[in-house]
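Working notes, structure below.
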Amino acid sequence: MTKFILRRLAVSIPVIFLVATTTFFIMRLAPGGPFQSERAIPEEIRANLEAKFGLDQPLWVQYGRYLRNLLRFDLGPSYKYPERTVNQIIAEGFPVSLQLGLAALAFALLVGIPGGVLAAVKHGGVLDRLTMSVILVGISVPTFVLGPLLVFVFALTLYWFPPALWGAPEQLVLPAITLGLPYSVFIARLTRAEMLEVLSQDYIRTARAKGVGEFRILWRHALNGALLPVVSFLGPAVADLVTGSIVVEKIFAIPGLGRYFVESAFSRDYTTVLGTVLFYAVLLILANLVVDVAYRFLDPRIEY
């Protein structure tokens, strides 16, 4: 396992380099700049700002300097927030996005896996049709519609939860449901499809013929095999949940990393966008690595 992990980490280095290079040049080729706002500033001041951050140098010089800093894990200063570095912005915003992402993941798993199992066990029945109907609705409704709808019903009408902001546990409920519901739908579909296939296997019929209880068959024999595609889905899903909550953070005024990413993209804050994209890429790589390692524990037949 150690050799497998080290090999995967070594292979990830060129991927991170490619992501950094592609993002760097795409940001530089985009129109506008970090100091070209709606309010015009004197040309002398803009020239001094560009000289301070090295933006007056040739592009290849800026690229080489960025790579050197990246080797020291220094993502540079932020152009929009000059009093903070990109490392500080990520350290400040990521814990909030992480809490939201993990809460949404817990909701997705608690709803998706039992829903998929029940739909498979009651295949063709009313519960199966009801589950598939809810899945269809969950896929069709985007988060920017679901979020305000939940706020209107549960915050402004029933007064059960606060409509926005961050800090108290009850302020986490509506954002977590908004972010986690689409993923619970996919998890339920994957669990249902794989559970139907597993329940038709010979070893399941043999266990039933021996008189093993239905609950034990589902828990001890069928669930492990049915969770393999769910685990595969969780790799990119975890990274997406933790880092892809941009719309949800905007709706509920959550001070997470997504807010900084959106604001930096609009203001052409090169270093913040670059640092956030690289951070997302590293998270995705690590999440997929954890999934591959978890495969071995779910299915001992799989070799590294």
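The values are calculated or read from the model by the stated rules, or taken from the named source; none is laboratory data. Treat the numbers as computed from the prediction; the structure is a model and nothing was measured. All Cβ positions, glycine included, derive from the backbone under ideal geometry; neighbour counts span all protein chains shown.
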Go through (1) loosely packed, with under 12 Cβ neighbours inside 10 Å; (2) in contact with a helix residue (DSSP H, G or I) (Cβ under 6 Å, 6 or more places away or on another chain) for VAL61 and report which single condition fails.
(2)
Might you check whether a residue that is under 23 Å from PRO236 (Cα atoms), buried (at least 20 other Cβ atoms within 10 Å of the Cβ) and not charged (D, E, K, R) occurs anywhere in segment 148-164?
no
Counted residues in segment 183-229 being within 20 Å of ILE135 (Cβ to Cβ), touching a Gly at 6+ places or on another chain (Cβ under 9 Å) and either at pLDDT 75 or above or assigned to a loop (DSSP other than H, G, I, E, B) (or both) come to 15
Near pairs, Cβ below 8 angstrom, 6+ apart or cross-chain, from segment 46-64 (within 23 Å of LEU18 (Cβ to Cβ)) to any residue that is of a type in the set (Phe, Trp, Tyr) and surrounded by 13 or more Cβ atoms within 10 Å (Cβ to Cβ)
TYR63/PHE24
Considering only residues of segment 124-135 that are surrounded by 12 or more Cβ atoms within 10 Å (Cβ to Cβ) and either in contact with a strand residue (DSSP E or B) (Cβ under 6 Å, 6 or more places away or on another chain) or of a type outside the set (D, E, K, R) (or both), which is farthest from ILE251 (Cα to Cα)?
GLY125
Filter segment 65-76 down to residues that are touching a residue at least 24 places away in the same chain (Cβ under 8 Å) and surrounded by fewer than 19 Cβ atoms within 10 Å (Cβ to Cβ) and give me whichever is nearest to GLY147 (Cα to Cα).
LEU70
Of everything in segment 186-195 that's aliphatic (A, V, I, L, M) and surrounded by fewer than 23 Cβ atoms within 10 Å (Cβ to Cβ), which residue is farthest from LYS250 (Cα to Cα)?
ALA193
Matching entry among LYS3, LYS80 (being within 17 Å of SER267 (Cα to Cα), modelled with pLDDT under 85 and of a type in the set (D, E, K, R)):
LYS80
Can you name the residue in segment 165-182 that is under 26 Å from ASP128 (Cα atoms) and surrounded by fewer than 22 Cβ atoms within 10 Å (Cβ to Cβ) and, of all such residues, is farthest from the chain's Cα centre (by Cα)?
ILE177
Look at GLY115 and say whether it is modelled with pLDDT under 85 and within 30 Å of PHE252 (Cα to Cα).
yes
With the structure loaded, tell me whether VAL238 is farther than 30 Å from ARG65 by Cα and at pLDDT below 80 or whether it fails that test.
yes
